[in-house]
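Asker: Take a look at this one; I'll ask things after.
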Amino acid sequence: MINSVGLGFVVLLSAMGAATIERAEYDYYRYHPMPEIFKWMLQIAEDHSDLVTIVNYGLSYEMRTISLLKIGLNTGEKKKAIWMDCGIHAREWIAPAFCQYFVKQILQSYQTDPKMQEMMKNMDFYVTPVLNVDGYIYSWKDNTTRLWRKNRSPGPSGCDCYGTDLNRNFDANWGTVGVSFNCCSNIYCGSKPVSEPEAQAVADFVGRRKDDFLCFLTIHSYGQLLLVPYGHPNFTASNYDELMKVGLAAADAIKKVHGKNYTVGTSPDILYPNSGSSRDWARMQGIPFTYTFELRDDGTFGFKLPENQIQPTCEEAYQGALHIITHAHDKTFSSAVATAAATLWTMLVAVGVTCATQM
Amino acid sequence: MATGKLNPNHYPAQRAAKVVQHYLNTRYGSPYRVFFLHRVHSGNAEDVADSGRKYQLEISVQDLISTNTEKCSAEVLFPGGEQQRSPHVQASCEELRKIDTKAQEEALYQQYKTNPSLLAAHLPDSYGHINPEMKPFWHLGAVASSFIMLNESTENTLFNMAQVANVTQLATENDQLRFDYHILLHEMVSQDIIHWKLQVSWSPSGGVKVLQMEQLPHCHHCEKPPNTN
């Protein structure tokens, strides 16, 4: 008797946290400069304190904090995890917009969807809205900086250009293919593997927890592609067949939303060979489901995707990401047990919500 | 190099098909007609002795403005040899000429012929917006860019126009409207942004012509670094 009341009380508290109404509406369908994104992160963590914490996990070259939102139910146990990062390339503005939408969507979905409730119980979502903070801020500076790609560390001595391509800087066949050693190039891979603090931050944080991660999704634009490892043409991922199968199903899910075609394949097949990507590094750490998303469009507007396309792009990409995440989750958490747990959990949340509305 | 039957989703066919897009825009493009590659249906590549590589493609292109899609058959020849030379393209499409943009083109032409005053920058702006009255000049920029993108394309490049940095109207000459364009191209493989200055002429009957083109240095205040291996 006392046990069930105690349990009901705990559930009630968490349901109250989840039912908190959002304050001033954040516009997910416009591009936001970094200060607004950071303020949004604080607001989300405050509004959903039962589920969300901010984790600062590194410093950019210009000494800005690199932060992520950790989203999931605190069960007190070690949990499996999903990684998503956006904005590793500064000019790909639709990517940070998607990360923000993704966070909003999973929190919203949690309120009513038993599947999301189950996933939040079993896993933590680690979402970095803007990884290349310095580069993103620089791309907002004026009309001449909008198309900046790299980070903002200075080149080696003797070089008058700034920036390393963070997505060529990871320790994954570093410096072998699809890179330039010319420091002015937009695919300059850096002075050595993980020379850049932004890449180091990811490698440290994810590396320490690599056995926990089921998924590593890195979000870019443009091209409408889902890229699977590896970027080097001579290496094939051990689970390539599964990655393709899940990727193609994700592309189907994307197409069902607004009819857009996303091509699925390895980078050397459908785009170009490359090395030192975060996706390849993550796969080499043993994280099974690693994908690069290249969002809209196909080159019509390219990096300057009109704001009126933010919503449809986010909606379709969400379905694609959700498919991959759900597959990874279901593969790990046996479905029979999961269904029973989901039903029980839904019941408890419903009880909690009912009690909250009666107060 | 991929030879024989090509996977239509893989980059060799996709890059060759993009070249066809550029070609179609140089032939048929206007302020009210811009084509984009929509789909590659099938492709074939072969080495041509001493002459380079030839691609045969079945593709669909989409008109940006009307959103009509058309099927095309095309051949792209990338010349071999030491110097990089422009690809040669032949293409035939189903319905290409039948889209009627005459009235709109005439209206635009008359408007800017009587008052040569156009001055615009940043099409699109940082947020992807283009003022509706400026859209035809963004289209014209895309068509003019296609001449450069066609010239510069190889099997190792994929070009899109990233932005019209600015466009200025010059005095009308020989009944052709004339414009100075500063255009930014995005090359996908190198991820570079390349600046070009173009002088463009257009009239509804004369189509789009590029009179002068000049690549601008990447960064005016940057020095070229020493080569590193």
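Asker: Please give, to one decimal in nm, the separation of the simple spin-label points placed at A:Gln311 and B:Glu94, each 7 Å out from Cα toward the Cβ.
Answerer: Going from the A:Gln311 label point to the B:Glu94 one covers 3.2 nm.
Asker: Residues of the range A:159-183 losing 40 Å² or more of accessible area relative to the isolated chain, 1.4 Å probe, heavy atoms only?
Answerer: Residues meeting the cut-off: A:Asp160, A:Phe181.
Asker: Quick one: 3J(HN,Hα) in Hz for the range B:109-121, Karplus 6.51/-1.76/1.60 with θ = phi - 60°, rounded, Gly and Pro as x.
Answerer: Those phi angles translate into 4, 4, 4, 8, 6, 6, 9, x, 9, 5, 8, 8, 9 Hz.
Asker: Leaving out ligands, DNA and RNA, and with a 1.4 Å probe, what % of the accessible surface on the range A:34-350 is carbon or sulfur?
Answerer: The computed percentage sits at 52.
Asker: Kindly report the accessible area of the protein assembly as shown per residue (heavy atoms of protein chains, probe 1.4 Å, no ligands, DNA or RNA), in Å².
Answerer: Value returned for the protein assembly as shown: 43 Å² of accessible area per residue.
Asker: How much solvent-accessible surface does A:Asp298 expose, in Å² to the nearest 10, with a 1.4 Å probe and all protein chains in place?
Answerer: Surface accessible to solvent at A:Asp298 totals approximately 70 Å².
Asker: Let me ask another. Among DSSP beta bridges whose residues both lie in chain A, state the antiparallel percentage, nearest 5.
Answerer: Bridges in chain A are about 35 percent antiparallel.
Asker: Where in the range A:55-137 are there trypsin sites (Lys or Arg not before Pro) that are in a DSSP coil and have at most 14 other Cβ atoms within 10 angstrom of their Cβ? Walk me through the numbers before you get to the answer.
Answerer: Numbers: sites: A:Arg64, A:Lys70, A:Lys78, A:Lys79, A:Lys80, A:Arg91, A:Lys104, A:Lys115, A:Lys121; in loops: A:Arg64, A:Lys78, A:Lys79, A:Arg91.
Hits after loop and neighbour filter: A:Lys78.
Asker: Please give the peptides A:303-312, B:86-95 ranked by average Cβ packing (other Cβ atoms within 10 Å per residue), highest first, as a rough proxy for protection.
Answerer: A:303-312, B:86-95
Asker: While we're looking at this one, here's another question. Take peptide B:184-191, look around each residue's Cβ out to 10 angstrom, count Cβ atoms belonging to other protein chains, and average those counts.
Answerer: On the way: counts 3, 0, 7, 1, 6, 6, 6, 14.
For peptide B:184-191, the averaged partner shielding equals 5.
Asker: For chain B, what % of the accessible area comes from carbon and sulfur atoms, probe 1.4 Å?
Answerer: Percent of accessible area from carbon and sulfur atoms in chain B: 46.
Asker: Moving on to the next point. Quote the relative contact order of chain B in percent (integer), defining contacts as alpha-carbon pairs under 8 Å separated by 6+ residues.
Answerer: 16 percent
Asker: Below 13 angstrom from the Cβ of A:Thr164, what's the summed charge of the other residues (Lys, Arg +1; Asp, Glu -1)?
Answerer: My count for the surroundings of A:Thr164 gives +1.
Asker: For A:Thr266, which sequence-distant residues (separation of 5 or more, or a different chain) have an amide H within less than 5 Å of its own amide H, given hydrogens modelled in the peptide plane?
Answerer: Sorted by chain and number, the residues that satisfy this are A:Val228.
Asker: Could I ask something else about it? Could you work out how far apart the two model spin labels at A:Ser191 and B:Asn151 are, taking each label as a point 7 Å from the Cα in the direction of the beta carbon, and quote it in nm?
Answerer: Inter-label distance under the simple model: 4.0 nm.
Asker: Using a Cα-Cα cut-off of under 17 Å, which lysines could be cross-linked to B:Lys18, ignoring same-chain neighbours fewer than 8 residues away?
Answerer: In chain and number order, the partners are B:Lys54, B:Lys71.
Asker: Ok, one more. Scan around A:Asp124 for amide H atoms under 5 Å from its own, H built in the peptide plane at 1.01 Å from N, and keep only partners 5 or more places away or cross-chain.
Answerer: HN-HN under 5 Å from A:Asp124: A:Lys80, A:Ala81, A:Ile82.
Asker: Considering every pair of different Cα atoms, what Kirkwood radius, in Å, is found for the range B:25-104?
Answerer: Computed over Cα pairs of the range B:25-104, the Kirkwood hydrodynamic radius comes out at 14.0 Å.
Asker: If you don't mind, there's one more thing I want to ask. Could you pull the accessible area for B:Thr157 with a 1.4 Å probe, rounded to 10 Å²?
Answerer: 20 Å²
Asker: Using only protein heavy atoms and a 1.4 angstrom probe, determine the accessible area buried between A and B, summed over both sides, in Å² to the nearest 100.
Answerer: Chains A and B together bury roughly 3000 Å² of accessible area.
Asker: Using a Cα-Cα cut-off of under 25 Å, which lysines could be cross-linked to B:Lys113, ignoring same-chain neighbours fewer than 8 residues away?
Answerer: B:Lys102, B:Lys135, B:Lys197, B:Lys209
Asker: Considering the options A:Trp148, A:Leu271, A:His327, tell which one lies farthest towards the positive end of the dipole of the protein assembly as shown, charges being +1 on Lys and Arg and -1 on Asp and Glu at the Cβ, about the Cα centre.
Answerer: In the protein assembly as shown, that residue is A:His327.
Asker: Averaged over its residues, how many other protein chain Cβ atoms are within 10 Å of peptide A:144-154's Cβ atoms?
Answerer: 2
Asker: Something else now. Using the Karplus curve 6.51 cos²θ - 1.76 cosθ + 1.60 with θ = phi - 60°, what ³J(HN,Hα) values do you get for each residue of the range B:83-92, in whole Hz, with x for Gly and Pro?
Answerer: In residue order, the calculated couplings are 7, 7, 10, 5, x, 9, 10, 10, 8, 9 Hz.
Asker: Would you rank B:Asp180, B:Asp175 by solvent-accessible area, highest first, keeping every protein chain in place and using a 1.4 Å probe? Walk me through the numbers on the way to the answer.
Answerer: Numbers: B:Asp180 50, B:Asp175 90 Å².
In descending accessible area the options line up as B:Asp175, B:Asp180.
Asker: Based on DSSP H runs of at least 4 residues, each adding -39500 (n - 2.57), what is the mean residue ellipticity at 222 nm of the protein assembly as shown after dividing by all its residues, to the nearest 500 deg cm²/dmol?
Answerer: Details: 14 runs with 205 residues, N = 588.
For the protein assembly as shown, the value works out to -11500 deg cm²/dmol.
Asker: I want the local charge near A:Pro229. Using Cβ-Cβ distances under 9 Å, sum +1 for each Lys or Arg and -1 for each Asp or Glu among the other residues.
Answerer: Result for the local shell: +1.
Asker: Under the 0.36 nm per residue contour assumption, what length would be gained going from the current alpha-carbon distance of A:Lys39 and A:Ser157 to full extension?
Answerer: Net length gain for the segment: 38.8 nm.
Asker: Which order do the peptides A:218-229, A:316-327, B:70-81 take when ranked by the mean count of other beta-carbon atoms within 10 Å per residue, highest first?
Answerer: Highest mean packing first, the order is A:218-229, A:316-327, B:70-81.
Asker: A further question follows. Just give the residues from the range A:253-267 buried by at least 20 square angstrom of accessible area in the all-chains context relative to the isolated chain, probe 1.4 Å, and say none if nothing qualifies.
Answerer: Residues passing the criterion (a loss of at least 20 Å², heavy atoms only) are A:Asn261, A:Thr263.
Asker: State the extension gain, in nm to one decimal, for the chain segment bounded by A:Ala249 and A:Asp204, taking 0.36 nm per residue of separation less the distance between their alpha-carbons. Don't jump to the answer; show the numbers that get you there.
Answerer: Working: separation 45, 0.36 × 45 = 16.20 nm, distance 3.16 nm.
Gain in length upon complete extension: 13.0 nm.
Asker: Grab the other residues whose beta carbon is less than 15 angstrom from that of B:Gly206, score K and R as +1, D and E as -1, and report the net.
Answerer: Taking every Cβ under 15 Å from that of B:Gly206, the sum is +2.
Asker: Also, I was wondering about something else. Quick one: Karplus J couplings for the range B:165-172, per residue in order, coefficients 6.51, -1.76, 1.60, θ = phi - 60°, nearest Hz, x for Gly and Pro?
Answerer: With the stated coefficients, the range B:165-172 comes to 5, 7, 9, 10, 8, 9, 4, 5 Hz.
Asker: Estimate the FRET efficiency between B:Glu173 and A:Tyr29 by the formula 1/(1 + (r/R0)^6), using the beta-carbon distance for r and 35 Å for R0, to the nearest 0.05.
Answerer: The value I calculate is 0.20.
Asker: Averaged over B:161-173, how many beta carbons belonging to a partner chain fall within 10 Å of each residue's beta carbon?
Answerer: 2
Asker: Residues with amide H under 5 Å of A:Asp171's amide H, sequence separation 5 or more or different chain, H placed in the peptide plane at 1.01 Å from N; which?
Answerer: Long-range HN contacts for A:Asp171: A:Val194.
Asker: Next question, about the same structure. Filter A:Lys150/A:Lys192; A:Lys80/A:Lys115; A:Lys80/A:Lys331; A:Lys39/A:Lys70; A:Lys115/A:Lys256; A:Lys39/A:Lys104 down to the pairs with a C-alpha to C-alpha distance above 18 Å, please.
Answerer: Table pairs above 18 Å Cα-Cα are A:Lys115/A:Lys256.
Asker: From the P(r) of the protein assembly as shown, could you give the percentage of C-alpha pairs in the tail past 46 Å?
Answerer: Of all Cα-Cα pairs in the protein assembly as shown, 19 percent lie more than 46 Å apart.
The values are calculated or read from the model by the stated rules, or taken from the named source; none is laboratory data. Predicted model, so just to flag it, every value in this text is computed and none were measured. All Cβ positions, even for glycine, are placed from backbone atoms using ideal geometry, and neighbour counts span all protein chains on display. Note: areas computed on protein heavy atoms with side chains; ligands, DNA, RNA excluded. Shrake-Rupley method; radii C 1.70, N 1.55, O 1.52, S 1.80 Å.
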